[in-house]
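As structure tokens, the structure follows; a few thoughts come after it.
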Amino acid sequence: MKKYLCEFLGTCVLVLFGCGVAVLTNADLVATSLAFGLSIVAVAYVIGNVSGCHVNPAVTFAMWIDKRISGKDFWLYIIAQVLGALAGSALLVLLLNTTSFGDYRTIGLGANGYGQPGSEITLLGALVTEVVLTFVFVLAVLGVTKEKKNSTVAPIVIGLTLTLVHILGIKLTGTSVNPARSLAPAIWLGGEALEQVWVFIVGPFVGAAFAALVSFFIDLEPAKKETNEAFDIEKVEALEMPEIKTEEVVVEAAKEEKENTPEKPQKKNTRKPSTNRKPSNGRGKPRKNNKTNTNNEAKKN
């Protein structure tokens, strides 16, 4: 439940600050780009460890394709993100109604669109723009979040990439790359914004799908593993070789020492064999001749 709440809060902050700065600065290129980028950086450091800080249905879609989240999380993340975007737009409406800037229907809520005065980009141009911009953004997200060791720099990379795509897209479509961010203002404004919002839902989802596929094909992890295995084998061999050489040196030194050492002369046995060996009865005493003793006794008698 915590991760869904984090997605709700993160998307709310993104829409409030990003779209709010766009409204108050009349979509100033630098200010609006930085507002969206810095919002992601701030939110990612807060909720990144809990939910991953998608705050974007297109990012969630790519993560699902890449099998980083389950189907259940996919749907619940998107619901939380849309509700968060609606809440962010509602807060912006509330703030604008307390000012003298005018009615939010007149000044807008940072909604996306095509064919607007200035660029007058066509429907096809807007669709291609959103596909390309989302592709670049989501590809960066997938790449930098692939390994946990990048967790400290990932928010900065993602925030800078979002800033980059906004710099190009603001004057063309207002830069969506986020269906929830586009849907919420369109619901509040209605009319033309709501009629055109499908472009800013389909485009980001298509761009995210392409990014997930490209990320899968350029994944260098297997190659890294093979390189590491080869390095480990060479390292083990390098560690074992000195031991083998040491054993050979010890054996050779032992052979040389044996060859150079003169043999000691064997001591001769100077002990003479005994010829006066007395018969023994097994206990070291001479045997008695019973027959001789009998004859001597007879002579005495």
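What follows is calculated from the coordinates using simple rules that are stated; it is not laboratory data. Note that this is a predicted model, so its numbers are computed, not measured. Ideal geometry is used to build each Cβ from the backbone, glycine not excepted, and the neighbour counts take in all protein chains shown.
Scanning segment 165-195 for residues that are part of a helix (DSSP H, G or I) and either free of Cβ contacts under 8 Å to residues at least 12 places away in the same chain or on the phi > 0 side of the Ramachandran plot (or both), we see that the one that is surrounded by the most Cβ atoms within 10 Å (Cβ to Cβ) is 194. Only one entry of 162, 139 meets the criterion of being crowded, with 20+ Cβ neighbours inside 10 Å, part of a helix (DSSP H, G or I) and under 19 Å from the mean Cα position of the chain (by Cα), and that entry is 139.
A quick yes/no check of all residues on (1) assigned to a helix (DSSP H, G or I); (2) in contact with a Cys (Cβ under 6 Å, 6 or more places away or on another chain); (3) exposed (fewer than 14 other Cβ atoms within 10 Å of the Cβ):
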| residue | (1), (2), (3) |
| --- | --- |
| 41 | yes, no, no |
| 74 | yes, no, no |
| 81 | yes, no, no |
| 89 | yes, no, no |
| 95 | yes, no, no |
| 98 | no, no, yes |
| 124 | yes, no, yes |
| 129 | yes, no, no |
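Could you run through segment 102-122 and say how many residues are within 14 Å of residue 27 (Cβ to Cβ) and not in a helix (DSSP H, G or I)?
Number satisfying all stated conditions: 10.
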